[in-house]
Amino acid sequence: LAGTITSNVGVSAGGILTVSSGGILSGAIDAGTTDFGTINVLVGGTADDDFVSSGGVFNDAGVVRSNLNIQAGGVANIQSGGVISGQAYPDSAGYGAALAGGTLNISTGGSAMYLGVSSGGALNLLSGGSAQRITVSSGGVANIRGTVTNNQGILSGGLEIISSGGFASGLTGSGTGL
């Protein structure tokens, strides 16, 4: 994909959709892309409103603007240079990724913001990766080996594990709320 898709795309199991530089994979909430196969967003590519279903894999080296929903059995990988900005438009309300039973891996050089981790969801922030504005609710787990820079909330029943090399910080009033 080097052009623009605006809504209602399905990637079946075994299928591959690649968003090249300049390509935009977009859609309204509930009318975006459903992924049972593999989606690759390359450097210079843009995506939003993607639902990663069971068996689906979403690989991002470009920009996810908003509304990446990772369901149980789905996996998203934010690679070096990849970003979840959490904002479809400048100054818009933040909503980056929701982990409802799925897994989000943020690798070295990847970054993400506006993340919600709920029951069965797992955020793995690897060494060299960065994140901010994270909420971990009941049944969700955040494994931190990289850097969380600000604004995270660990709600009742949520779990955050900061391993060797991991760092969670924030300005006064914008650090970690328990």
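For the chain, what Kirkwood radius comes out of the mean inverse Cα-Cα distance, in Å? Intermediate values should be presented prior to the final figure.
Working: mean 1/r = 0.0636 Å⁻¹.
Radius from the Kirkwood sum: 15.7 Å.
Any chance you could look up the accessible area of residue 95 with a 1.4 Å probe, heavy atoms only, rounded to 10 Å²?
Its heavy atoms expose roughly 80 Å² to the probe.
What relative contact order, as a whole-number percentage, does region 54-141 give when Cα pairs under 8 Å and 6 or more residues apart are counted?
After rounding, I find 25 percent.
Over region 26-69, what percent of the accessible surface lies on carbon and sulfur atoms, probe 1.4 Å?
C and S fraction of accessible area: 60 percent.
Compute the distance in nm between two label points, each set 7 Å from the Cα along the Cα-to-Cβ direction, one at residue 156 and one at residue 21.
Taking the two extended label points, one gets 5.1 nm.
Over its Cα atoms, what ratio of radius of gyration to 2.2 N^0.38 Å does region 28-76 give?
Normalised Cα radius of gyration, region 28-76: 1.02.
Quick query: amide H of residue 32 versus all other amide H atoms, modeled in the peptide plane; which residues come in under 5 Å with a sequence gap of 5 or more or a different chain?
Hits under the 5 Å cutoff: 8.
The values are calculated or read from the model by the stated rules, or taken from the named source; none is laboratory data. Predicted model, so just to flag it, every value in this text is computed and none were measured. Cβ sites come from the backbone with ideal geometry, for glycine too, and all protein chains shown count toward neighbours. These area figures cover heavy atoms from the full protein model, side chains too; ligands, DNA and RNA do not enter into them. Shrake-Rupley method; radii C 1.70, N 1.55, O 1.52, S 1.80 Å.
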